[in-house]
Structures are given as C-alpha cells and as structure tokens.
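Read through the structure below, which is laid out as structure tokens, and then see the notes.
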Amino acid sequence: MDNFPVVAQADASLPNHTQENIHLVESAVGSNSPPKEKVGSDFDSRMMLRCLELARRALGRTSPNPLVGAVIVKDGEIVGEGFHPRAGEPHAEVFALKAAGDRARGATIYVSLEPCNHYGRTPPCSEGLIEAGVAKVVVGMVDPNPLVAGGGIARLRAAGIEVLVGVEESACCQLNEAFIHRILYKRPLGILKYAMTLDGKIATTSGHSAWVTSQEARNEVHQLRAGCDAIIVGGNTVRQDNPYLTSHQVEAHNPLRVVMSRHLNLPESAHLWQTADAPTLVLTQEGANPDFQKLLLKQGVEVVELTSLTPDKAMAYLYERGFCSVLWECGGTLAASAIAQGAVQKVLAFIAPKIIGGSIAPTPVGDLGFTTMTEALSLERVRWRVVGSDCLVEGYFPQKANSQ
Ligand code: AOF
Ligand code: ZN
C-alpha cells in the first residue's frame, strides 16, 4: 500500500511563504512538536480566549472565511468587542473598532487571526487599525491565507504599531483547523464520525442502530454538526436509518445534508427530503434516474450530477462551493472509500460500553484492502474523553506538507 493516498499533500503551487506557514500552522496544531513557550501575559491569554469565545458565536456560518473574534482594551478595560459573522460581512476588527469608537486611539486590540491586508470582499483591516490609531495589536495566529500570510503583521509594524504574535496560538489554530486545512490543501477538512459498540458494531445484524450511544454523546454530535458546513451519507444510510442530520438546537447552524447516490434508488419519502429546517443536496452521476431527480427537485432538494461520483470528487465539489468542513456520517463502505481517497483527515469515534455481537453486523469502516496488521492506519494527536456513559476517541491521519 505504498501509494495509499490517505496522506494529504499540501498544494505545491502555493507560494513559498505559504509553504512556510504550513509548517508554522502544523507545529502550532500538532502534538509531535515540543510544547511551545507561552507567549504574552496571563491577561493577554484571557483576552485572546475571550476573542475565541466571541468568534464561536458564528460557528458554522463563516465559510469560506474563518471564525475570528476581536477585543479592544484601554487602561485594562474592554472598550469594544466584535466577531466575524459571515463571509461578505465586515471582519471582527471592524465591529470591535466601531464599538470602541474614539477609545480605540492608543488602545490594544486582541484578534484571534492576523488582521488582513488585502482588498477582498471587504477592505484591509490593517489600514482600519492604523487609521483608528491603535497602539498595539496582539495576534493569536498568522493567517495561512496566501493573500495575507504575514503581510498584515508587516504592514502594522511598518506603521510603527507594536505587534505581538502567538498568544494562545494552538487554541486559535484548533478553532480554525478546517479553515486552515481548506487554505493549505484546497479541500474541506474531512471528519469521519461514527458510533460503535464495544465489540465494534455500528448496528445489529438486521441493520437497527437507534441508538448505539447515550443521549449525552448524541448531544455532542449535534454540537459537532452545528460547526460543520456539510454532512455526507450514502444511499444506504437514507434507506436504513431515515436520519434528520440536523443540529437539533434552536438557532444553531444546520449544515448542508449531502447524500451520495449513484443510481438514486432512494425512498420517495425521507426526512432528508423535508428541507424547511435544513437544506439537502443529492450528489449523483450524470444521467441518473431523471424521474427521481424531478421528484427531489419538487421537494426543494438540490441535485447535482458529477461525471464520476467518488468521495474525492465530492470533496472537490464542496471545496468549490466554499466549504471548510465536511462530516462523514456514512456507513462502513463509503467510509472506507473516503479514507482510501484521502477525503478524511480526522476521526471521531464514540464507543458505547455495550456488546451486540453478530459476525455479519456492520462495522464502521469497510474493506481497505489491508492483509497485515502492519498496514493499519495509525492516528496521531489522539485524545479521548468520557461523554455520558460512552468514550470519545479522536485523532488525525498523518499529513505531510509537500516540500517541493
Ligand atoms: C481578519 N478578520 O474577521 C476575517 C479575516 O473576502 P474577505 O474580505 O472577507 O477576506 C477574507 C479573508 O480575510 C479570509 O480568507 C481570511 O484570510 C481573512 N479573514 N481576517 O483579520 C476577520 N474574517
Ligand atoms: Zn480583515
């Protein structure tokens, strides 16, 4: 399995300074690097964590942009706060400056991502900060976006503003891991989530799966969905489980629900075809079942035909749509092919202390073509915690930056 493409390659066409940022960002997120020395004071850390709290208010709504929060402090007191609500709207700093008004002059601004220095959908925040007369800018992390990538920091310093970089850097990178992945690899971050019994089954032999895990674990999944741009399942999951795939919380973001189905041999009525609460997209192959396509369109379901329907093509399409994070909540067959094609970078496995048995009961990952244990894909940066009566194990497949 020498060529097994699970190791995503960073885009070799990125400019050099962005390749360097890959290492910077990876060393900030990864646990393989030694713990970094703390940057800034305890007060700086508190303010940066407040920025992250503010940033999370827009959870799931900012793609393709990052989650960003900003806090302005004058004489030890917060005089303005803001966060980036969604792409196309002003950046976090703009809201914080507006709230602070004249008090921004001579103040310190904390911002979880390097201020931008380019004309995108909005004007450069670096110029806004210079004009407002802030004395100091405290940055959580450098922006990996090649349009920014250190340019914002350089511009502020050139204007005589003191800039401190790297306060709570790993927490900042963690919050925006999907944005970072999107920028560096030109694909959304793929997260495979599954729930299995202690004997490794995701359903009984008859296919029944409600529920493997406790209510607490399911609540955690709803929270996870609220932070993602899309959830993908295959036709089998629609036929077997008839899921809703929503975040089940008032006012929380609902991701786009995506069904991958080659032949559209799907039920005429399904919870996923009810699109009042959350949108649904069916990805299929060119020319598949035109009558069923019409039926879906009538119910408000979007249908997109791809020339070949594979996990990688689906991810490429969702990247083009501006998505940062995609949650794979599919069965074992699709999960195996998503892993094999490098469409999964992160795994979240809920393990329930139950045994269901059954030698043909389905398992979370289908055949990967491995025959010896030495071929097993090992996760890194592994953490686990107890959620209700279940255990959540999470980790990442190793990723390599392309050094060309
Ligand atoms: C910040 N603060 O709140 C955000 C930043 O198209 P635009 O103008 O919205 O620019 C998008 C890029 O700007 C985005 O990819 C990221 O690099 C940066 N986003 N920067 O300082 C913010 N949202
Ligand atoms: Zn900006």
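The values are calculated or read from the model by the stated rules, or taken from the named source; none is laboratory data. Just so we're clear, the structure is a prediction, and the values are computed from it rather than from any experiment. Cβ sites come from the backbone with ideal geometry, for glycine too, and all protein chains shown count toward neighbours.
A few remarks follow.
- For segment 80-105, residues that are of a type in the set (Asp, Glu), within 15 Å of ligand 2 (Cβ to nearest atom) and more than 18 Å from Arg121 (Cβ to Cβ) total 0.
Conditions tested, residue by residue: (1) outside the structural domain of Asn65 (by the TED database); (2) under 19 Å from Leu327 (Cα atoms); (3) surrounded by fewer than 20 Cβ atoms within 10 Å (Cβ to Cβ); (4) within 16 Å of ligand 2 (Cβ to nearest atom).
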| site | (1), (2), (3), (4) |
| --- | --- |
| Leu192 | yes, yes, no, no |
| Ala195 | yes, yes, no, no |
| Asp199 | yes, no, yes, no |
| Ile202 | yes, yes, no, no |
| Thr205 | yes, no, yes, no |
| Val212 | yes, yes, no, no |
| Arg218 | yes, yes, yes, no |
| His222 | yes, yes, yes, no |
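- Looking only at residues of segment 133-150 that are surrounded by fewer than 21 Cβ atoms within 10 Å (Cβ to Cβ) and more than 10 Å from ligand 1 (Cβ to nearest atom), we find that the one that is farthest from Lys38 (Cα to Cα) is Gly133.
- The numbered conditions (1) farther than 30 Å from Ala314 by Cβ; (2) touching a residue at least 60 places away in the same chain (Cβ under 8 Å); (3) assigned to a helix (DSSP H, G or I); (4) near ligand 1 (Cβ under 8 Å from one of its atoms) are all true for Ala171 except (4).
- Odd one out for Glu251 among (1) touching an Asp or Glu at 6+ places or on another chain (Cβ under 7 Å); (2) surrounded by fewer than 14 Cβ atoms within 10 Å (Cβ to Cβ): (1)
- Scope segment 199-217; condition hydroxyl-bearing (Ser, Thr, Tyr) and under 15 Å from Gly357 (Cα atoms); matching residues: Thr204, Thr205, Ser206, Ser209
- Qualifying residue in segment 149-166 (condition: farther than 21 Å from Leu59 by Cα, within 11 Å of ligand 2 (Cβ to nearest atom) and touching a His at 6+ places or on another chain (Cβ under 9 Å)): yes
- Condition met for Ala195 (modelled with pLDDT of 95 or more and among the aliphatic types (A, V, I, L, M)): yes
- Unmet requirement for Met196, which otherwise passes all of (1) over 30 Å from Ser359 (Cβ atoms); (2) in contact with a strand residue (DSSP E or B) (Cβ under 9 Å, 6 or more places away or on another chain): (1)
- Of the residues making up segment 334-348, not a single one is of a type in the set (A, V, I, L, M), surrounded by fewer than 16 Cβ atoms within 10 Å (Cβ to Cβ), over 19 Å from Ala230 (Cβ atoms) and at pLDDT 95 or above.
- Residue identified as among the aliphatic types (A, V, I, L, M), over 23 Å from the mean Cα position of the chain (by Cα) and more than 10 Å from ligand 1 (Cβ to nearest atom) among Ala96, Ala104: Ala104
- Subset of segment 291-350 [assigned to a helix (DSSP H, G or I) and of a type in the set (Ser, Thr, Tyr)]: Tyr317, Tyr319, Thr333, Ser337
- With respect to (1) closer than 30 Å to Ile232 by Cβ; (2) within 14 Å of ligand 2 (Cβ to nearest atom); (3) surrounded by 23 or more Cβ atoms within 10 Å (Cβ to Cβ), the lone exception for Arg182 is condition (2).
- Cross-chain or 6+ apart pairs with Cβ under 7 Å, segment 109-136 first and in contact (Cβ under 8 Å) with a residue 24 or more places away in the chain, then of a type in the set (Asp, Glu) and more than 8 Å from ligand 1 (Cβ to nearest atom): Ala135/Glu162; Lys136/Glu162
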